[in-house]
Amino acid sequence: MFLLSFCSKQQTGAREEVRREFVLGTICQVRLYGQGSDLVYNRIFARLREIENTMSVNMADTAVDRINRNAGAEAVEAPADLLEVIERSLFYARLSGGAFDPSIGPLVKLWGIGTATERLPSGSEIASLLPLVDYRHVEIDRERKRVFLRKSGMALDLGAIAKGYAADEVAAILREAGIRGAVIDLGGNVFALGDRSVLDARAGGRALNWRIGIQDPLKERGTYIGVMEIRDKSVVTSGIYERYMEADGKRYHHILSSRDGYPVANGLLSVTIVADHSIDADALSTAVFALGYEKGRALLESPELKGIAGQAEAAFVFADRSVRLTAGMAEYFAMNNDDYRLED
Ligand code: ADP
Ligand code: MG
């Protein structure tokens, strides 16, 4: 039954399985499996462009760009969605003691990893920018809806959280449209909405999990270390393989230490987070990666986090090919790659 109806939809071409567009600096893909209309897809991608036009630092005259250009000079008006994302990023900055820092902009720009201007900066260039990276100098005026960066030269970069926010926005659009099962993938920032039973006549009322592969950080894209079985949750990975450059025979990836200004080096290859909301999974994947295993695990246990994000789980992949899971993660994740070994 399922296959037949599936084929006829394919033949008429009336209903798209998936739509893919380059936005937010990455390939964004939404799979509605024939349940959506053109209208729904259009609404989704229009919202993604709107978020990009507000939060990108790689486009001229976005609200974030205006905030950055007025650093040290004056407070700049920001739309509600941007204020929400900045506030959440400051929560994660406080929670991680600044390991996650949305004011990392000057360093991201200096390295330019993944852009046309990427290069290995000198130690003194890095040192000169470190005083500008400090989330405590980001001021939000909620009443007047303004953001002020206290020091001239400061700059926000929301690259570690904006795609998560965007995935939650897509999920909201889909729920409003009555779609009960879909997979949103914004450059590896995944939201598995609802469950898979809507697509499978054999489900017979049972909820079926989505299956999401977790990338092997050392192999070409599409090689997995294991599979995540989840429903109505977001899964996000931060790793050394997402974006990097090579210089002097060394590899430099794009998650930077706010303390020394160099790519974080702590033995981790990747951190995968499962959470109810993608904004939290995205911020946490970067924050926990930046903190490292011990401190990252402690952060995941903290009551402050649970109050905001609920129960979040993590899978840690190390350079020695060991993998460690939080207690709840063991229920979602099954390893299926012999190159890696699970440890307690
Ligand atoms: P991806 O963008 O590949 O999904 P992440 O969510 O981990 O990966 O975000 C990495 C991006 O976050 C970087 O490209 C940069 O824009 C920004 N960033 C880098 N280091 C930090 C940091 N310590 N705190 C906050 N943001 C960071
Ligand atoms: Mg992130």
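Taken over the chain, the ratio of Cα radius of gyration to 2.2 N^0.38 Å equals 1.01. Equivalent ellipsoid of the range 62-205: semi-axes from √(5λ) of the C-alpha gyration tensor, largest first, are 36, 19, 12 Å. The residues of the chain expose on average 47 square angstrom of accessible surface per residue, using a 1.4 Å probe on protein heavy atoms. With the biggest extent put first, the Cα atoms of the range 270-344 measure 37, 23, 19 Å across the principal axes.
Each eigenvalue of the Cα gyration tensor of the range 173-288, multiplied by 5 and square-rooted, gives one semi-axis; in descending order these are 33, 15, 11 Å. Can you tell me the orientation of helix 80-95 relative to the chain, as the angle in degrees between its alpha-carbon axis and the longest Cα principal axis, to the nearest 10? Result, in degrees: 70.
Could you give the length gained on full extension between residue 334 and residue 119, defined as 0.36 nm per residue of separation minus the Cα-Cα distance, in nm? Working it through step by step, the gained length comes to 73.6 nm.
For the set 250/295; 151/250; 151/306; 109/145; 151/233, the pairs lying more than 30 angstrom apart at their alpha carbons are 151/250; 151/306; 151/233.
Mind pulling the angle between the C-alpha long axis of helix 2-12 and the longest principal axis of the chain? Nearest 10 degrees, somewhere in 0 to 90. With both axes taken from Cα atoms, the answer is about 70 degrees. Counting protein heavy atoms only, the range 56-149 has 48 percent of its accessible area on carbon and sulfur, 1.4 angstrom probe.
The long axis of helix 162-176 is offset from the longest Cα principal axis of the chain by roughly 30 degrees. Size descriptors for the range 1-148, from the alpha-carbon set: Rg then Dmax equal 20.6, 66 Å. From the alpha carbon centroid of the range 264-302 to that of the range 143-186 is 18 Å.
The values are calculated or read from the model by the stated rules, or taken from the named source; none is laboratory data. This one's a predicted model, so the numbers in the text were calculated from it and none came from an experiment. The accessibility values were calculated without ligands, DNA or RNA, using every heavy atom of the protein model including side chains. Shrake-Rupley method; radii C 1.70, N 1.55, O 1.52, S 1.80 Å.
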